[in-house]
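Peer 1: Sending over a structure as structure tokens; questions will come in a sec.
Every read-out reported here was derived from the displayed coordinates using simple, explicitly stated rules and does not represent laboratory data. Not measured: the values here are computed from a predicted model. All Cβ positions, glycine included, derive from the backbone under ideal geometry; neighbour counts span all protein chains shown.
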Amino acid sequence: MSHLDGNALAGVLSEVFTFDPTLARARCANCYSVDVLARAMVYVDGSAFVVRCASCDAVLATVMDGDGRRWVSLKGVSAIEIPR
Amino acid sequence: MSFITRGFSGRSHDRDPRLPPGQTEVSDWPVLSAGPTPRVDTEEWEFSIRTENGAHTWTWDQFMALKIDDVSTDIHCVTHWSKLGTSWRGVSIDTLFEGIETSHDFVMAHSYGGYTTNVPLDELLNGQAWIAFEFDGEPLEAEHGGPARLIVPHLYFWKSAKWVRGLVTMPNDDPGFWEQSGYHIHGDPWKEERYW
Ligand SMILES: [Zn+2]
């Protein structure tokens, strides 16, 4: 089976990152609850945000800024429903 | 002209040679928190080292009976602050590894609350790292990682895991919590190993 290279993501990802993320509903990969990100618990760790599930405390996501760069992890999210 | 010359030389003399590049000295101690502060009673606290050959576990009382070191050291946070001349008491990782055999070269530190961070084993040994339970002569506060935290002062302070509960050896240098999410796999402040 053939596959495309990462450039194929350009269209879909530019769509993903144009919505207001707080309105997106995310499923926690730890407890499987589904909730809008606006209800998640956000801790500020230096120049990073740690987003935790309101139901089980597990880490859903991190956003870290440093030296003019930004890293985003959705390590604890199994899926996000994007408002469109 | 002399004004400019004086300005440049004055600047280099003002900078404390203990400060790695890109760091500024602070006198307070900023509290950073990636989550709720775990409150672990010393009655419940346990510390363990797990290798491919099995596990060693200490209770708080057993831990306090080990050889305790006084440590004076500088600490450097990746967010550009350093705290110079801090005083700690704790048990060295050398003491804890006495009698423990492993063929693994790397360690994952695990904390109460779920935090993890990876460190090469040879950078935890030879007087380079401790499990510390006192800061400035006082029991380490929960906000700063008490009852006990790892300190690895020669690496950026995210490696010094708060609320540490164990070390697990591993054959590969797998990334811990922040190393997976942007921080450097190693974290040497003198080389400014801050991010990927
Ligand atoms: Zn959850």
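Peer 1: Give me the three principal axis extents of chain B from the C-alpha atoms, as integers in angstrom, largest value leading.
Peer 2: So the three principal-axis extents are 68, 36, 32 Å.
Peer 1: Would you mind getting me the FRET efficiency between B:T42 and A:R25? Use the beta-carbon distance for r and R0 = 35 Å, nearest 0.05.
Peer 2: Rounded to the nearest 0.05, the efficiency is 0.25.
Peer 1: Based on the Cβ-Cβ distance from B:T59 to A:M41, what FRET efficiency comes out when R0 is 41 Å, to the nearest 0.05?
Peer 2: The pair B:T59/A:M41 has a calculated efficiency of 0.80.
Peer 1: On to the next question. Please report, largest first and rounded to whole Å, the three semi-axes of the ellipsoid equivalent to chain A, where each semi-axis is the square root of five times an eigenvalue of the C-alpha gyration tensor.
Peer 2: 23, 18, 13
Peer 1: On to the next question. In 10 Å bins starting at zero, report the fraction of Cα pairs in the stretch B:8-100 per bin as a rounded %.
Peer 2: Taking all Cα pairs of the stretch B:8-100, the binned fractions are 12, 28, 32, 20, 6, 2 percent.
Peer 1: With no solvent and one point per C-alpha, what does the Debye sum give as log10 I(q)/I(0) for the protein assembly as shown at q = 0.08, 0.11, 0.16 Å⁻¹?
Peer 2: For the protein assembly as shown at q = 0.08, 0.11, 0.16 Å⁻¹, log10 I(q)/I(0) is -0.41, -0.73, -1.28.
Peer 1: Still on this structure, I have one more. How much mean residue ellipticity at 222 nm does chain B get from its helices, if each DSSP H run of length 4 or more adds -39500 (n - 2.57) and you divide by all residues, to the nearest 500 deg cm²/dmol?
Peer 2: -3500 deg cm²/dmol
Peer 1: A follow-up question, please. About its Cα centre, how strong a charge dipole does the stretch A:4-79 have in debye, to the nearest 20, once Lys and Arg get +1 and Asp and Glu get -1 at the Cβ?
Peer 2: The dipole magnitude comes to about 200 debye.
Peer 1: For the stretch B:25-76 and the stretch B:107-165, what is the separation of their C-alpha centers, rounded to whole Å?
Peer 2: Here the two parts' Cα centres lie 6 Å apart.
Peer 1: Computed over the Cα atoms, what is the radius of gyration of the stretch B:104-196 divided by 2.2 N^0.38 Å, N being its residue count?
Peer 2: 1.03
Peer 1: OK, next. List the relative contact order of the stretch B:42-191 as a percent without decimals, with contacts defined as Cα pairs under 8 Å and 6+ residues apart.
Peer 2: Once divided by the residue count of the stretch B:42-191, the mean separation gives 26 percent.
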